[in-house]
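Taken together, the values in this text are just the output of simple stated rules run on the coordinates, not laboratory data. Owing to the predicted nature of the structure, the values given are computational and were not obtained by experimental measurement. Cβ atoms come from the backbone with ideal geometry, glycine included; neighbour counts cover every protein chain shown.
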Amino acid sequence: MLNAPETILLAAPRGYCAGVDRAVVSVERALEAHGAPVYVRKEIVHNKHVVEQLRSRGAIFVDELSDEIPEGAVTVFSAHGVAPSVHSDAERRGLRTIDATCPLVTKVHIEAKRFAEDGYTVVLVGHAGHEEVEGTMGEAPDSIVLVETEDDVDALELDGESRVALVTQTTLSVDETASIINRLKTRFPQIVSPKHEDICYATTNRQLAVKELAVQCDLVLVIGSRNSSNSNRLVDVTRDLGTDAYLIDNEGEVREEWLEGRRTVGITSGASAPEELVQRLVEFFRARGTDDVREVTVTEEGVRFMLPKAVRDVTATASD
């Protein structure tokens, strides 16, 4: 007999944030306007399902701006942002670029560059190797140092007279980052930071929502891909509250043993996961006999970002 919980609770908000929606639509509009292929540096957003859908329509995903991209080709930069050197390389190779960097990531780039130009050593809280971190560090590689943990803060070797500034990756654990920032402020009481925190509204809201699920559920399933920072943080936040949680790409990855004895299962999705995947998971449980499906809403979101100028321009031309 298949295991079926009595109740499914859906976190709200969940899924696509404004930056992800903007990036995905940018690739879709570029394909409509220019035809295939459209090249995309890195994954446009960190979600396997989205990438495969766009690939099936003619998007070609590349790791770098290599010779694989023909001169003059339409090339989209992902939502995670790129270093200035990537922009320069694209210009040198005559690529027609669409910069789909999330505006909230661009904000961090501007902050880091400004602090560095003003003579600060910039401490970036983030995950090594993440594309967003690589792009931000590229703004001032000689002036930015990366920390991932409180121990990294303790190990920082900065001149006692150094002027120190702080920026963060946008998709971190809110609670964990707060602890790291407190340690930084203890070590460097004069550290300066932006007026508004860098962790984005969507990351914060999804973590608040999953905390509410965690206290009401026996198990939480987070839909998101393995390389999605914000999706992984939703799993971490849930487990930190003592509730089992697993990250899955889709309903096909649910294991029977996870469901044994579970009466209430929570479902949420990372900021790069489409709602289609949530509904497929809900139907997976409905097919097993779970009829009680409810949303748990902690806040409403109404954020929207304007499409990149290169997309707006070609859309306007097409409509003339």
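Quick one: compute a quarter of the convex hull surface over the Cα atoms of region 40-144 and quote it in nm².
Values: hull surface 28.0 nm².
Seen from a random direction, the Cα hull of region 40-144 projects 7.0 nm² on average.
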Candidate lysines for bridging to LYS42, where Cα separation is under 30 Å - those fewer than 8 sequence places away on the same chain excluded: LYS107, LYS113, LYS309
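Between ALA155 and LYS185, take the C-beta separation as r, use R0 = 22 Å, and let me know the FRET efficiency to the nearest 0.05.
Numbers: r = 17 Å, r/R0 = 0.75.
The computed FRET efficiency comes out at 0.85.
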Theoretical ellipticity at 222 nm over the chain - DSSP helices of four or more residues, -39500 (n - 2.57) apiece, nearest 500: -12500 deg cm²/dmol
Relative contact order of region 18-102, defined on C-alpha pairs under 8 angstrom at six or more residues apart (%): 34 percent
Pairwise FRET efficiency - ARG226 versus ASP89, Cβ, R0 = 25 Å, nearest 0.05: 0.30
Paramagnetic reach from VAL25 (point 7 Å along Cα→Cβ, amide N under 18 Å) across region 73-90: 76-80
Where Rh is the Kirkwood radius over Cα pairs, Rg/Rh for region 104-187: 0.93
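In a shell of Cβ-Cβ distance under 12 Å around ALA73, excluding ALA73 itself, what net charge do Lys and Arg (+1) and Asp and Glu (-1) give?
0
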Stretch gain in nm, segment GLU256-LYS195, where the contour uses 0.36 nm per residue and the Cα spacing is subtracted: 17.2 nm
Label-point separation in nm, LEU208 to THR315, each point 7 Å along Cα→Cβ: 2.9 nm
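Expressed in nm to one decimal, what extension gain is obtained for the pair ASP175 and GLU64 from 0.36 nm per residue of sequence separation less their Cα-Cα distance?
36.6 nm
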Gain on full stretching of the segment that runs from GLU6 to VAL293 - 0.36 nm per residue minus C-alpha separation: 102.4 nm
Surrounding net charge for ALA18, when Lys and Arg each add one and Asp and Glu each subtract one, Cβ distance under 12 Å: 0
Packing rank of 181-194, 298-311, 129-142, where each peptide gets the mean count of other beta carbons within 10 Å, highest leading: 129-142, 181-194, 298-311
Per-peptide average of other Cβ atoms within 10 Å, ordering 7-18, 88-99 highest first: 7-18, 88-99
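Restricting things to alpha carbons, find the Rg to Rh ratio for the chain using the Kirkwood radius for Rh.
Values: Rg = 21.1 Å, Rh = 21.0 Å.
Ratio of gyration radius to Kirkwood radius for the chain: 1.01.
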